[in-house]
1. Scan (1) touching a residue at least 12 places away in the same chain (Cβ under 8 Å); (2) β-branched (Val, Ile, Thr); (3) within 29 Å of residue 184 (Cβ to Cβ); (4) surrounded by fewer than 19 Cβ atoms within 10 Å (Cβ to Cβ) for the single condition residue 25 breaks and write down its number.
2. Could you pull out the residue among 98, 47 that is on the phi < 0 side of the Ramachandran plot, touching a helix residue (DSSP H, G or I) at 6+ places or on another chain (Cβ under 9 Å) and buried (at least 18 other Cβ atoms within 10 Å of the Cβ)?
3. Quick check on this structure: which one of 179, 197 is modelled with pLDDT of 85 or more, outside the structural domain of residue 70 (by TED's automatic domain parsing), within 21 Å of the chain's Cα centre (by Cα) and of a type outside the set (Lys, Arg)?
4. Inside the stretch 185-202, can you point out the residues that are crowded, with 19+ Cβ neighbours inside 10 Å and either without any contact (Cβ under 8 Å) to a residue 40 or more places away in the chain or among the small types (Gly, Ala, Ser) (or both)?
5. What are the residues in the stretch 128-155 that are at pLDDT 75 or above, surrounded by fewer than 16 Cβ atoms within 10 Å (Cβ to Cβ) and among the basic types (Lys, Arg), if any?
6. Kindly indicate which of 68, 30, 72, 47 is among the aliphatic types (A, V, I, L, M), more than 21 Å from residue 188 (Cβ to Cβ) and within 30 Å of the chain's Cα centre (by Cα).
7. Looking only at residues in the stretch 156-179 that are under 20 Å from residue 215 (Cβ atoms) and touching a residue at least 40 places away in the same chain (Cβ under 8 Å), which one is surrounded by the most Cβ atoms within 10 Å (Cβ to Cβ)?
8. State all residues of the stretch 14-48 that are at pLDDT 55 or above and either under 14 Å from residue 68 (Cβ atoms) or polar (S, T, N, Q) (or both); if no residue qualifies, say none.
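The values are calculated or read from the model by the stated rules, or taken from the named source; none is laboratory data. Predicted, not measured: the structure shown is a model, and the values here were computed from it. FYI the Cβ positions are ideal-geometry reconstructions off the backbone, even for glycines, and counts take in every protein chain you see.
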Amino acid sequence: MKEVVDGINAIREEVLPWGHLVVWVAATFVVSMAGPFGTYEDLPLHVRFAYWGGLIAASIVIALFLRVLWRVIIKGDPAWLEDLFVISSLAIVFGPLVATLNSVLWPQDTDLSGWVVISAVTFAVGVVKVGFRRLIQRDVAGIGVPQRDRLLDRVEAPAGAKVKRVYSDNHHICVLTSDGSEHRLLMRLRDAVDEIDVEPGFWVHRSHWVATSSIVGVKQAEGREVVELPCGTTVPIGPKYRPNLVEAGMIAA
């Protein structure tokens, strides 16, 4: 039940940001005006807006549900594999859904086999969208010296805020910033750390990344080494990541 609640909360957090709303509005306007697949001839303008706006909104929400599902199932696998599963399953689900809706709007067209074409188009659009997003992320990462961690833009952190700590929370991550805020995102930890371009820090455990400025010291607790944070919280040090702290001179080899 907790995973279901977490998934619903993650979807709510993903849908609310302005980015999704802008994409939805822009895509709805362009597609409604173009009227592909015969909708220009068959539907008046206001109906086209309702039709395409509803379909695009549904595709966004369904895709977010599927991303939660696949993140639970293939936890730990590469991000590209998650993208592939999400796009494929969206195409399989969305094709019959649209074909069924079309059969209601156009009852004279009883051929539901068109869902194959719709699914193929959905898959192709998904591949292009993901590829374009990855390309933009790569290009942005390679332009000049960033002035602010890209991860902060995801949580809409105020100017001057810095990333202090990032850790896994079930199938999500929590981002703690210097202004005292805590943000929860549906995102892989390694992808989040890749977007920390400015603030120096360390992986101290497979589930924890900590900024150097947030490390008070290293101590023993219950027979194991832990990193101590300013608030008194401790974070375990994983054997795989101990060399990071040794190299930084924070603990002896």
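1. (1)
2. Numbers: 47 fails: buried (at least 18 other Cβ atoms within 10 Å of the Cβ).
Criteria check complete, one pass: 98.
3. Details: 179 fails: within 21 Å of the chain's Cα centre (by Cα).
None of the other options fit; the residue is 197.
4. 187, 189, 192, 201
5. The answer is 129, and nothing else.
6. So the residue among 68, 30, 72, 47 that is among the aliphatic types (A, V, I, L, M), more than 21 Å from residue 188 (Cβ to Cβ) and within 30 Å of the chain's Cα centre (by Cα) is 30.
7. To start, the set of residues in the stretch 156-179 that are under 20 Å from residue 215 (Cβ atoms) comprises 161-168, 173-179.
Restricting the remaining residues to those that are touching a residue at least 40 places away in the same chain (Cβ under 8 Å) gives 162-168.
Values: 162: 17, 163: 28, 164: 23, 165: 22, 166: 26, 167: 17, 168: 19.
So the residue we want is 163.
8. Those that are at pLDDT 55 or above and either under 14 Å from residue 68 (Cβ atoms) or polar (S, T, N, Q) (or both): 28, 32, 39.
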